[in-house]
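These notes are about the structure you will find just below.
The values are calculated or read from the model by the stated rules, or taken from the named source; none is laboratory data. Small disclaimer: the values here were computed from a predicted structure and weren't measured. When we count neighbours, we look across all protein chains shown, and the Cβ atoms used for this are built from the backbone with ideal geometry, even at glycine. To get the accessible areas, we keep the full protein, side chains included, count just its heavy atoms, and leave off ligands, DNA and RNA. Shrake-Rupley method; radii C 1.70, N 1.55, O 1.52, S 1.80 Å.
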Amino acid sequence: MSRRLLVNVFQSDQDILNATKAARENGYTIVDAYTPYAVHGLDKAMGIRPTRIGWICLGLGLLGAAAKLWFQIWTSAFDWPVNVGGKPLTSLPAFVPVTFEVTVLFAGVGTVVAFFLVSRLLPGKRPKVVYEGVTNDKFVLVLAEEDASFDVEKVEKLFAPFHMVKMEERVEED
Amino acid sequence: MIMNLHKSEDVLAGIPRLRRNLALVMALGAITASIGAFVAPERAWPNILLASFYLLSLGLAGVLFIALQYVSNAGWSVAIRRAPEALAGILPIASLLMVITLLGIPSLYEWSHADAVSGNHLLQAKAGWLNVPFFVIRTILYLSVWFVFAFYLRKFSRQQDATGDVSLTRKNKKLSGGFLVVIALTFTLASMDWIMSLEPEWYSTIFGMYNLSGMLLNGLAAIAVVVIILRRTGPLRTVVTDSHLHDLGKLIFAFSTFWMYIWFSQYILIWYANIPEEVVYFVNREKGSWTIFAGLNVVFNWLIPFVVLLSQWSKKNEGLLLKVCVIIMIGHWIDLYWMILPPFLKTGPEVSLWEIGPFAGMIALFFLGTFKAFAQANPVPLKDPLLVESIHHHS
């Protein structure tokens, strides 16, 4: 399946922010926005819902804690019991530092890996730059041309106050 | 935007009944403490020490917060800086309370009695540091040094409101850098003097850091409480956004976890080594109903803040953040009570008039003093070079 895209290039963060707001208010489908740096408020303007990666982080952290705690209890109290200073074999305070470290390790590394998987940034991935200036000083908003009623001229009029530099129709092949 | 940001009345002046009640609680607290000092010195003095130290920590945390912001060149906090500056404004009265607490030395500190020292080799060895004249000199030295820093940081900040001179920001940055070094050293020594020496045979090298982390956590909670009240009552209504609350919430979350980290660092070394002279500290604090306080301490200062403030929305939720901050402020009382009182109450904690009086009076004094100090300056630093950045801050 292919879809038709409309690539709009702007000159400043404020312009793309306002254009994005206007596009959403007028019911256009926003595919993505590309900026040289993080533009505050753009995620809200695009209507992206809050990320759920925090839940992955929490789950992985709990998994790390449980796994490491179990491992320590198993090694020091069951598989090879060692008496340390007359303390009980299962002494939780002694297990806390390592459990803490592994919780952080699982949660931290796991979240990064999860982020790469979710955004499909796998090794060998070739960069697809939507517009050359986007790595320097240009801001790009991509809209989807959903159906025949999509009118490029209407969009051009809508974006007129936002100093658009360029507008380009493209067909994306999957 | 800047229109109604000029000098405001004391927010409590708008609520005379609350002000009257706070003044009443303060007076009752002072009376209870004074009577207690004569009727039940062994019970009242530790609680007076706790109240003085608590109030002093709040004032110091205000200065520390300002210093951290200047040193890190932070823009986001400029619009709310007058709140920590108001906290710093209670340092003089808190210092006065601490000086009054010195009158309780005979009731508080075992090492101040010649007969206790003469029969104890350890106390004799420590007498060069732990003796009454040097103790009083040190206390006055700490208090004066802190006051000087607080005074000039506030003075330059207010001066800038009139002149708009950027060099005042540079001056405050230098002062702040100096203060960070000074507070690390002096607060470590001060907490060892005032609290650790209650049990003069016991020692813990992380004790100063532990108190510093608790002081900053409690101070951040108090700053958030003051900011939220000022936002609700008016002076900061148009200034404080969810982004400011979000950042305050992040700091509280981080320092709550830092406090827990330091708490555990102290605990595990002592628990592992199990040396009688060290471990006696925790043995005494887990005896009988002291265990309850040990648990509540961790729950109030870390578990509740950690779980509640874990997600972004809760840090931006004014009402929820306020509740967590109040829990932390109660938690800090539990923390200090658990540190200070066990040598005096071996069997378990007791909550009576001697506990409630001084603490409630001090809290009333804190709010009266802070809002009075806040009303003495413009609600925001009008000509700070970073004010615009702060007002448009987006976390």
Carbon and sulfur together cover what percent of the accessible area of region A:53-118 at a 1.4 Å probe radius? 83
Could you list the residues of region B:195-234 with an amide nitrogen less than 20 Å from a label point located 7 Å from the Cα of B:Q124 in the Cα-to-C-beta direction? B:200-202
Sequence order, region B:314-321: Karplus ³J(HN,Hα) from phi using 6.51 cos²θ - 1.76 cosθ + 1.60, θ = phi - 60°, Hz rounded, Gly and Pro as x, gives 6, 5, 8, 8, 3, x, 5, 4
Using every Cα-Cα pair within region A:53-118, state what percent have a distance larger than 20 Å. 37
Sequence-separation-based contact order of chain B, relative, with Cα cut under 8 Å and 6+ spacing, percent: 34
Built amide H within the under 5 Å cut-off of A:L5, gap 5+: A:E145, A:R170, A:V171, A:E172
Area buried, chain B against chain A - accessible surface, total, 1.4 angstrom probe, square angstrom: 900
What 222 nm value per residue comes from the helices of chain A, counting each DSSP H run with n ≥ 4 as -39,500 (n - 2.57) and dividing by all residues, nearest 500 deg cm²/dmol? -14000 deg cm²/dmol
Which net charge results for the neighbourhood of A:G61, defined as the other residues with beta-carbon distances under 12 angstrom from its beta-carbon, given Lys and Arg at +1 and Asp and Glu at -1? 0
Per the 1/(1 + (r/R0)^6) rule, R0 = 25 Å and r from the Cβ atoms of B:A40 and B:S265, FRET efficiency to 0.05 is 0.10
Long-range tail of P(r) for chain A (Cα pairs > 27 Å, %): 50
Hz values of 3J(HN,Hα) by residue in region B:177-184 - Karplus curve (6.51, -1.76, 1.60), Gly and Pro given as x: x, x, 5, 4, 5, 5, 5, 4
Inter-label distance for B:A114 and B:E350, nm, one decimal - labels placed 7 Å from Cα along Cα-to-Cβ: 3.2
Theoretical FRET efficiency, 1/(1+(r/R0)^6), r = Cβ-Cβ of A:E172 and A:K44, R0 22 Å, to 0.05: 0.30
Please list log₁₀ I(q)/I(0) at q = 0.08, 0.10, 0.14 Å⁻¹ for chain B, using the Debye equation with identical point scatterers on the alpha-carbon positions. -0.42, -0.66, -1.27
Please give the peptides B:173-179, B:41-47, B:213-219 ranked by average Cβ packing (other Cβ atoms within 10 Å per residue), highest first, as a rough proxy for protection. B:213-219, B:41-47, B:173-179
Could you tell me the calculated FRET efficiency between B:V71 and A:V112, based on Cβ-Cβ distance and R0 = 35 angstrom, to the nearest 0.05? 0.70
Would you mind telling me which residue in B:W333, B:W146, B:W271 has the biggest mean-square fluctuation in a Gaussian network model of chain B, where springs connect alpha carbons within a distance under 10 angstrom? B:W271
For A:F10, list long-range residues whose amide hydrogen, built 1.01 Å from N in the peptide plane, is under 5 Å from its own amide hydrogen. A:F139, A:V140, A:L141, A:V165
Simple label model, 7 Å out from Cα along Cβ direction - B:L24 to B:R170, nm: 5.4
For the pairs A:K44/B:K323; A:K44/B:K372; B:K155/B:K250; B:K250/B:K383, note any where the Cα-Cα span goes beyond 31 Å. A:K44/B:K372
Quickly estimate the mean residue ellipticity at 222 nm for chain B, helices only: each DSSP H run with n ≥ 4 gives -39500 (n - 2.57), and the total goes over all residues, rounded to 500. -24000 deg cm²/dmol
In whole angstrom, how far apart do the alpha carbon centroids of region B:277-316 and region B:111-169 sit? 29
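Students often check this: by mean Cβ neighbours within 10 Å, which of A:93-100, B:386-393, B:89-96 ranks highest, and how do the rest follow? If you can, show how the numbers build up before the last one.
Values: A:93-100: 15.2, B:386-393: 18.0, B:89-96: 21.1.
Most protected by this proxy first, the peptides run B:89-96, B:386-393, A:93-100.
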Simple SL model, points at 7 angstrom along Cα→Cβ for B:T163 and B:V388; separation in nm is 2.2
If each part is reduced to its alpha-carbon centroid, region B:366-395 and region A:62-136 end up apart, in Å, by 42
Note, ³J(HN,Hα) from phi for region B:37-47, Karplus 6.51, -1.76, 1.60, rounded to Hz, x at Gly and Pro: 4, 9, 6, 9, x, 5, 9, 6, 4, x, 6
So between A:N83 and A:S149, what do we pick up on full extension, going 0.36 nm a residue minus the alpha carbon distance? 16.0 nm
Kirkwood-based Rg over Rh for the protein assembly as shown (C-alpha set), two decimals? 1.05
